[in-house]
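*Asks:* Submitted below is the structure of interest, expressed as structure tokens.
No value in this document is a laboratory result; all are computed from the given coordinates. Not measured: the values here are computed from a predicted model. Cβ: placed from backbone, ideal geometry, glycine included. Neighbour counts: every protein chain shown.
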Amino acid sequence: MRRTHPLLSTWAWLTYAFLYLPILVLIVFSFNDSKFGATWQGFTTKWYSVLFARSDVREAVTNTLLVAVSSTLVATVLGTLIGFGLWRYSLRWRTPLTFLLVMPIVIPDVVMGVMLLMFYALVRGGMELTGWTFENGFWTVMLAHVTFQISYVSLTVRSRLAGYGQDLMEAAADLGANTWQGFRQVILPLALPGVLSGALLAFTLSLDDFVVTYFTSGSGFKTLPVLIYTSVKKGVTPDINALSALLVLATVLLLVAGNALTRPRRVEK
């Protein structure tokens with residue numbers, strides 16, 4: 001068995017420390033009794049009470065959950081159907097479609113946010129010619145999140161089904177099932193771990209997204225990441241540390257749940 005070189009191990013630990021020590025410091029200082037958070041003055045949990053007493057935080061939490069839940073539901077349904085189609089059918093345009101699905105994952109968030117902002121401005125200009133108009137808010141943010149969530153869900157479902165052959169649908173057809181019945185009663189139960197893990201991943205991405213939300217939300221609609229950004233510009237306070245710590249905790253729990261769903265089960269003989 002080959003052992004890892006000590007220099008590589010040291011470099012790996014330094015990298016992990018660089019990535020995760022700031023998060024640990026933020027979580028620790030969310031319990032700091034000091035109002036300014038610069039020096040440690042004792043342990044307290046009052047900042048979490050102060051946090052939930054703020055009306056803007058409650059509104060931002062509501063907006064964040066509404067966007068995350070609604071966009072996840074839409075992206076999960078559409079992404080599951082797309083993933084099933086990519087696995088089931090050998091179509092001429094399958095490669096270009098896969099390329100389009102990968103694009104929202106690899107392009108920078110800033111580019112995607114600017115593109116969506118310009119698209120909404122173009123649509124708003126066209127609607128004004130007909131007497132209709134709209135403002136950026138819940139619907140623009142929700143649709144923007146769906147655009148990148150679909151990619152993660154569809155690719156996760158497709159990778160889950162990649163290990164199964166087309167004989168499953170053929171066997172279902174021999175038993176009298178049509179395409180929809182075969183999908184619902186045979187394929188969907190097999191793909192369910194991939195569907196759930198993709199949905200949790202999409203929910204997590206929506207929960208933490210800032211750049212795309214910032215470009216598409218407008219001035220009257222704020223989610224938690226946007227609220228944190230606008231609050232930090234005025235100065236970092238312990239209640240903002242507490243809010244960030246809760247976001248980190250929610251993200252970790254969702255990722256652990258998604259990993260547990262995709263972990264293969266051990267079959268007992």
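*Asks:* Around residue 210, which amide H atoms from residues at least 5 apart in sequence, or from another chain, sit under 5 Å from its own amide H, with H modelled in the peptide plane?
*Replies:* none
*Asks:* Turning to a different aspect of this structure: From the phi of every residue in the stretch 169-178, what ³J(HN,Hα) in whole Hz does the Karplus formula 6.51 cos²θ - 1.76 cosθ + 1.60 yield, where θ is phi - 60° and glycine or proline is x?
*Replies:* 5, 5, 5, 5, 5, 4, 8, x, 8, 7
*Asks:* Give, in nm to one decimal, the length gained when the segment between residue 210 and residue 55 is fully stretched (0.36 nm per residue of separation minus the Cα-Cα distance).
*Replies:* Value of the extension gain: 53.8 nm.
*Asks:* Report, in whole Å, the centroid distance computed from the Cα atoms of the stretch 14-79 and the stretch 154-208.
*Replies:* Value for the Cα centre distance between the two parts: 34 Å.
*Asks:* Apply the Karplus parameterisation 6.51 cos²θ - 1.76 cosθ + 1.60, with θ equal to phi minus 60°, to every residue of the stretch 108-116 and state each ³J(HN,Hα) to the nearest whole Hz, in sequence, with x for glycine and proline.
*Replies:* Residue by residue, the stretch 108-116 yields x, 5, 5, 4, 5, x, 5, 4, 5 Hz.
*Asks:* Give me the distance in nm between label points sitting 7 Å out from Cα along the Cα-to-Cβ direction at residue 123 and residue 135, one decimal.
*Replies:* 1.8
*Asks:* Provide the packing ranking of 113-123, 214-224, i.e. peptides ordered by the mean count of other C-beta atoms within 10 Å per residue, highest first.
*Replies:* Highest-to-lowest ranking by the protection proxy: 214-224, 113-123.
*Asks:* Tabulate in residue order the Karplus-calculated ³J(HN,Hα) for the stretch 39-52, using 6.51 cos²θ - 1.76 cosθ + 1.60 with θ = phi - 60°, rounded to whole Hz; enter x for Gly and Pro.
*Replies:* Calculated HN-Hα couplings, in order: 10, 7, 10, x, 8, 7, 10, 5, 5, 6, 5, 4, 4, 6 Hz.
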